[in-house]
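A.B. asks: Please read through the structure below; I'll follow up with questions.
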Amino acid sequence: MDWTLLLGIGRFILATTLLLLLTIPTAFVVIQMELKIIALMQLRIGPNRVGPGGMFQSTIHGFKVLAKEDTVPDQADRATFTMAPWMVYMAAAMSMLVIPFAPGLVAFDSKISVVYFFAVLGLSVVGLLVAGWASYNKYSLLGGLRSAAQMVSYEIPLTLSVVGVVVLTGSLSFTEIIAWQLHHGWAFLPQILILPVFFIAATAEINRAPFDMVEADSELVAGPFTEYSGMRFGFFFFAEYVALFIMSTILVTLFFGGWLAPWPFPAQLGGFIGTIYGLFWFFLKAYIFVFVAVWMRATLPRLRVDQLMGMAWKVLLPLALVNLFVTAIVVVVGKL
């Protein structure tokens, strides 16, 4: 019996379970941040009843959603209607497998983790499209079609912006990209022009304001989620906030050194202390960009559909291509 193989399988199952359990409190934290930050920006108090300073309000919201009646429209396709929330949620959750949270703290350390991440996260568009079609509702169908158009359009500049970092570091592994930044400095400096492209495309990819055309409540009620309630709606709800956290972690990993501190990592910090040190910096940097995304939602108006698509094809895509060509030339010239 190959005990090494069994140990690897057991480690993978344990890591997957822990990451799935991590997604729920992550969603609660991001929701609570959104409630409080937007309230403060609008000169309101915000949640202040449940828990100290209202810190458990998002938890109560989550339990409230899960406790509501779970209904299925009469003419909906029951099988796909039920499967769609799971597809969206699992696409977000399983993409966390390749994220290195701290030194040695990664569930699936693959040589092609960048490819895996975008391949798995891209499955969420299938879930949204299925949800819109299976609901037998015109608003849901329009929201599903919008999600397909928006995600396909913004995945191209998003992926090309990552290719610039891959060319610069010479690796498709998130762990090796962080190791490159340990010796050469954070990648946002040589990739400073592409950083806004990645952030804007990532925001649109996860349907966050001001790119939330998929569930535009003033036009489509709730888009693909119109007919959903109870636990099924809760999966969509949690998946959106988990995806926001995941995109922030990927931005931090690619451009800001991942778990690296702004100054050299102390060599004497190894083992458990080093892991905690890395986790602190990783989550601190990730939640800074979560805050920026919430700030954008509180500040910017929603774009029109034509503006949304025009930005992807006319602005972000050319900038991503230019950055890729410039990065490739610099890398080739640097090796001569």
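A.B. asks: Tally the residues that are of a type in the set (S, T, N, Q) and within 19 Å of T71 (Cβ to Cβ), restricting the search to the stretch 193-236. Even if it seems obvious, please write down each step before you answer.
C.D. replies: First pass over the stretch 193-236, keeping only residues of a type in the set (S, T, N, Q): 203, 207, 218, 226, 229.
Going one step further and asking which of them are within 19 Å of T71 (Cβ to Cβ), we end up with 226, 229.
Qualifying residue count, the stretch 193-236: 2.
A.B. asks: Against the definition (in a helix (DSSP H, G or I), within 25 Å of I288 (Cα to Cα) and modelled with pLDDT of 85 or more), how does L35 come out, yes or no? Don't jump to the end; show me each part of the working.
C.D. replies: Details: in a helix (DSSP H, G or I): yes; within 25 Å of I288 (Cα to Cα): yes; modelled with pLDDT of 85 or more: yes.
For L35, the condition - in a helix (DSSP H, G or I), within 25 Å of I288 (Cα to Cα) and modelled with pLDDT of 85 or more - is met.
A.B. asks: Let me ask you something else. Limited to the stretch 190-225, what total is found for residues that are crowded, with 20+ Cβ neighbours inside 10 Å and free of Cβ contacts under 8 Å to residues at least 12 places away in the same chain?
C.D. replies: Count: 0.
A.B. asks: Wholly within the stretch 169-257, which helices (runs of 4 or more DSSP H) include no fewer than the required count, namely at least 3 residues that are modelled with pLDDT of 85 or more? Spell out the reasoning first.
C.D. replies: Numbers: elements: 174-184, 195-205, 217-220, 230-255.
It comes to 174-184, 195-205, 230-255.
A.B. asks: For the stretch 62-69, does any single residue satisfy the condition of being over 24 Å from the mean Cα position of the chain (by Cα) and surrounded by 12 or more Cβ atoms within 10 Å (Cβ to Cβ)?
C.D. replies: Taking every residue of the stretch 62-69 in turn, at least one turns out to be over 24 Å from the mean Cα position of the chain (by Cα) and surrounded by 12 or more Cβ atoms within 10 Å (Cβ to Cβ).
A.B. asks: Here is a check on your reading of the model: is L279 in a helix (DSSP H, G or I), at pLDDT 90 or above and surrounded by 13 or more Cβ atoms within 10 Å (Cβ to Cβ)?
C.D. replies: no
A.B. asks: If I filter the stretch 40-59 for residues that are out of contact with any Asp or Glu (no Cβ under 9 Å at 6 or more places or on another chain), touching a residue at least 12 places away in the same chain (Cβ under 8 Å), surrounded by fewer than 16 Cβ atoms within 10 Å (Cβ to Cβ) and within 19 Å of E155 (Cβ to Cβ), do I get at least one hit?
C.D. replies: So far as the stretch 40-59 goes, no, none of its residues is out of contact with any Asp or Glu (no Cβ under 9 Å at 6 or more places or on another chain), touching a residue at least 12 places away in the same chain (Cβ under 8 Å), surrounded by fewer than 16 Cβ atoms within 10 Å (Cβ to Cβ) and within 19 Å of E155 (Cβ to Cβ).
The values are calculated or read from the model by the stated rules, or taken from the named source; none is laboratory data. The structure presented is a predicted model; accordingly, all values stated were derived computationally and were not measured. Counting neighbours? That spans all protein chains shown, and the Cβs are built from the backbone with ideal geometry, glycine included.
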